[in-house]
Structure formats: structure tokens, C-alpha cells
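Participant: Okay, handing you the structure first.
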Amino acid sequence: MSLLRLLRASNQRFALHLPVHGRGEALPPALSGLLRQQPGRWDLPELPDIGGPLEADGAVADTQARLAARMGVECCWFGVNGATGLLQAALLAMAAPGDAVLLPRNVHRSLIAACELGGLLPVFLPVPFDALRGHPGAMTADGLSRSLDALPDLGCRLAAAVLVHPTYHGYAAEIAPLVDRLQAHGLPVLVDEAHGTHLAFAPGLGLPPSSLTTGADLVVHSLHKSAPGLAQTAVLWQRTTRISATALRLSLQRLQSSSPSALLLASCEATLDWMLSSRWTRLLQQRLETARRLQDCWRCQGVPLHESDDPLRIILNTASIGVSGLEADTWFMNRGLIAELPEPFCLTFCLGLARHRGLSTRLQRLWQLFLEDRGGPPLAPVAAPPLDAVNVVELSPAAVSHRPTLACPLSQCADRIAAEMICPYPPGIPLLVPGERIDQARVQWLQRQHARWPEQVPGMVKVLA
């Protein structure tokens, strides 16, 4: 079937996945009004009165300056290459070739790519791992302190640090003390808050604090993963002057399109203006209250759910009845319930900002059918990965990219240096990074992941020849 036919098709299914506007239902009103006009009239270049994210004049520059002032930050830049492009540009503005950067082990793969592009040395910090859920949690302040105390002599300048808050599953980090401890070490901090944009626009609604309320130097928000904008839109906030705005602008210029979509730029403006309105606050409060009621109702009906700090993320514990989340995903999708993130031990739904009428009854009914069809004894907890200490890659990803490689079975990879990234997507968290030396414990853990996740974790791995 062609893409055009799929996009035209009416959707009778529950879209519990990203973007969070729910196939248009929760788009900002101003953006919905624009899209109802003659198709294509918004497909414009960087005309003088429009400008672009890096232009000094025009509507985009005026809007970015206005929003920066409204949010109490130094600068604001729109992005049309998703959070990916802005994260990469931000990191490359913070560090020079040959520098080292601190990255949490659950960092998104886009920042590993930035290390390769910029010739940076990634130093990985451990994050908690939940054996019952089979995925990482959020970094803690005590864990970060232990990691900082254990940092080895890197032989190069340590230039910057990255934090993830919240995680893909909605787990919130102890963001303020994390930022404080990194900056006490003299490090500027970039926060990947792609899945927590709504935290910055939720006063008094009981959500975790946004990193914009801390001293973080740079914060990247996705405007479609946790805000109601169009896919591929994002915003970079510069909070302090410790990072040069000129360096940021040059870095953005290298990585951003020279012909940004006027529609996507308008989506950035409309989304942020909408989220700064009182109508947005009321809408978000309604969606959060509905999400909490749904989860209470499902738990009362025996549907096993894991806790999350974000009520809009629903984590279905499929392992409790002996079923992989990947198998459950296929089963539910065939019955009109489309999840966001299947994993070996759970299935995560993103409620987003649409209303999803009838969802409560549908999920309860489908869960009972699923139990009858697939239920069994619980799966055994998964062993934590052997990544509980600070890890420095043996070679930088940039150094690896130009060396000869060979494909090697996992069983024969011990003591070899990885030449490729192993990264289930989503969520885009690398299990193996180019330049890492693979020890026997890592081999055994990857083999177990391959058995659970054969389509995402290959049995053959590229290593340096």
C-alpha cells in the first residue's frame, strides 16, 4: 500500500503513540486553522518578512525573541529536524574535537552520532536498571556523585555533560541536584527534555519540575513527543551565557536545513503560544485527571500497570502474565490499539492530549481476551546489563568510523572493539556504542537481549578487523 493511501485512510483505531496530538485532534487551534486553508499556501521559503531560526530579522526572529523573554531565558531557537538536530547542535557547540563529554547510559543515539561528527570522546555514566521492567530508570543525585568521584584520568579536557529528564517512559530524574553537582565540577549542562516539554507548561498540576526551573545551561524540548505540535518540530532554550550564543548559532547553521519549512516553523510558534495560554493549562489538567482515573480504573479491573512519574505514559506489565511486550504489541495492534513502545517486558502507551473516547472499556475488554488467549506464568526478571560503572570508550566513535571492520557472531565478540551501534528504536537508547571494547559479560548480556529482541538486537555485530 502506498504512503498516500495510508495517510488518506480514515483511522478507526486508538492512536496511543506519538505525536501526542492524536492524529490532529489536539493540535493548537491556530495551527488547525492554518491547515484548514488552501493546501500548500504555507509552503514558503525564507522570505524577508518570514525569515528563519538563524536570521536576525523577520517573523521567526521576532517570535523567538518574544518567547525567550516570556520563558525568562537568554535565547530560543526553533528546530525543524526534531529534537535530534537541536541536541546534536547543542553538544557540538559545547565541546571541541578531542574533548570528552559525560553522557548518561540511557542517552539517545543522536548524541552518540554527535560525538562521531564532532570527534568527541563519550564517557558513559551508569543509570539505575529495573530488572522487573527490563529497562533503565532515571539518574539519581547519589548515583551521579558516585560516578563523578570515580571518573578516571581521561587524558583530555572534560567539556560538558548531558542529562535525560524525563526518560521515554516518563521517569523523572532528580534534576535540580543533578545540574548543581555537574556545574559544581565546572561543567555546562545540556538537558534532553524531549519527553518532558509539558513539564515546563504545567504550573501547579502535580508533575515533576522542568529543567528550565534549574540552572541548566541548555534545554531541548520536542514539540511533538510531549507537546501538541507537528512531528519534526522542537525548540532549544539557552538559559545561561556560559555557552556562547555565537557558537550555538554556528553549530545550528552547520546542521539545520537552509530551507526550513514555514509550516513547521509556524507549528513551533503556535504550539508554544498555545502552551503559554490559560486554555492550555485547563486542557492539560483535564487530560491528566482523565489519565489518572483511567489508570485507577484499569488497576481495579486487574490490568497490571507499572508506575510512571508522567500520568500520560501507560506502562503495561506484560511480563506479569508471561508475555513479551513485542508479542503483545502485535496482538493489540491487530485489534485497533496502537502502542508507542514495545519491549521484551512491557508495552508503553502514550495517551497524549487527545480524548480517546471509549478507551477505558476497550482496553479492559481486550485485556481479558488477551489473558484468555496468551496468559501464563510471569517471566523471570531480566539481569541488569554489566554497565554499573563509569565507562570510557577505548576509541572515539569518529576514530572507529574510518577503520576496516568485519561481521562477527556475538559469541565471538569478546575482547573486540565494536564498530557499530546496537540500538533498538524506539526508544533509541544504544546497547553498544562504536569504540567500546566488548568483554565477556557484555557478550552474554547481548546474547540474552538477542534472544528476547531478535529483530532489534542482531546476532552478528560489526567489530574492528
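Participant: Cβ under 14 Å from ALA339's Cβ, ALA339 left aside: what net charge do those residues give with Lys, Arg +1 and Asp, Glu -1?
Facilitator: 0
Participant: At a 1.4 Å probe, what is the % contribution of carbon and sulfur to the accessible area of the chain?
Facilitator: The value for the chain is 51 percent carbon and sulfur by accessible area.
Participant: Now for a different question. Calculate, in nm to one decimal, what ARG8 and GLU327 gain on full extension: separation in residues at 0.36 nm each, minus their alpha carbon distance.
Facilitator: Here the answer is 112.0 nm.
Participant: With a ≥ b ≥ c the root eigenvalues of the C-alpha gyration tensor of segment 7-153, is it rounded (a/c under 1.5), prolate (a/b larger than b/c) or oblate?
Facilitator: oblate
Participant: Mind checking the per residue accessible area of segment 373-435 for me, 1.4 Å probe, whole number of Å²?
Facilitator: That works out to 47 Å² per residue.
Participant: Follow-up question, since we're still on this one. Just order 281-289, 403-411 by mean Cβ neighbour count inside 10 Å, highest at the front, would you?
Facilitator: Peptide ranking by packing, descending: 281-289, 403-411.
Participant: With a ≥ b ≥ c taken as the square roots of the eigenvalues of the C-alpha gyration tensor of segment 341-393, please select rounded if a/c is under 1.5 and otherwise prolate if a/b is larger than b/c or oblate if it is not?
Facilitator: The shape class here is oblate.
Participant: Where nothing but the Cβ of Lys and Arg (+1) and of Asp and Glu (-1) is charged, how large is the charge dipole of segment 1-129 around its Cα centre, in debye to the nearest 20? Can you show the working numbers first?
Facilitator: Numbers: 10 positive and 10 negative charges, 172 e Å.
So the dipole magnitude of segment 1-129 works out to roughly 820 debye.
Participant: Residues of segment 71-146: accessible area per residue at 1.4 Å, in Å²?
Facilitator: Per residue, segment 71-146 has an accessible area of 28 Å².
Participant: What length, rounded to one decimal in nm, is gained on full extension from ASP439 through to SER32, with 0.36 nm per residue of separation minus their alpha-carbon distance?
Facilitator: Numbers: separation 407, 0.36 × 407 = 146.52 nm, distance 5.28 nm.
Contour length minus the Cα-Cα distance gives 141.2 nm.
Participant: How far is the Cα center of segment 401-465 from the Cα center of segment 69-104, in Å?
Facilitator: Spelled out, the Cα-based centre of one part sits 28 Å from the other.
Participant: Hey, another quick one. Points 7 angstrom from Cα along the Cβ direction at LEU250 and LEU47: gap in nanometres?
Facilitator: Here the modelled spin labels are 3.4 nm apart.
Participant: Filter the trypsin sites (Lys or Arg not before Pro) in segment 331-392 to those in DSSP coil with at most 15 other Cβ atoms within 10 Å of their Cβ, and list the result.
Facilitator: Sparse-neighbourhood loop trypsin sites (Lys or Arg not before Pro): ARG335, ARG355, ARG357.
Participant: Another one. Which whole-number value in Å² is the accessible area per residue of segment 173-331, probe 1.4 Å?
Facilitator: 36 Å²
Participant: Then there's this: ARG374 versus GLU289, label points 7 Å from Cα toward the beta carbon: distance in nm?
Facilitator: Each label point is offset 7 Å from its Cα along the Cβ direction, giving 3.4 nm.
Participant: Net charge near ARG23, counting Lys/Arg +1 and Asp/Glu -1 over other residues with Cβ under 14 Å of its Cβ?
Facilitator: Neighbourhood net charge equals +2.
Participant: Excluding ligands and nucleic acids, what accessible area in Å² is computed for VAL303 using a 1.4 Å probe, to the nearest 10?
Facilitator: We get 10 Å² for VAL303.
Participant: Add -39500 (n - 2.57) for each DSSP H run of 4 or more in the chain, then divide by its residues: what number comes out at 222 nm, to the nearest 500 deg cm²/dmol?
Facilitator: -10500 deg cm²/dmol
Participant: Going 7 Å from the Cα of GLN364 in the Cα-to-Cβ direction, what parts of segment 297-322 have a backbone nitrogen less than 15 Å from that spot?
Facilitator: What the label zone holds, given the 15 Å backbone N cut-off, is 297-304.
Participant: ALA150 to ARG66: extension gain in nm, 0.36 nm per residue of separation minus the Cα-Cα distance?
Facilitator: Stretched fully, the ALA150-ARG66 segment lengthens by 25.9 nm.
The values are calculated or read from the model by the stated rules, or taken from the named source; none is laboratory data. These numbers were taken from a predicted model, which means no experiment stands behind them. Here Cβ is always computed from backbone atoms with ideal geometry, including for glycine, and neighbour counts include all displayed protein chains. Quick note on the areas: whole protein, heavy atoms, side chains included, nothing else; ligands and nucleic acids left out. Shrake-Rupley method; radii C 1.70, N 1.55, O 1.52, S 1.80 Å.
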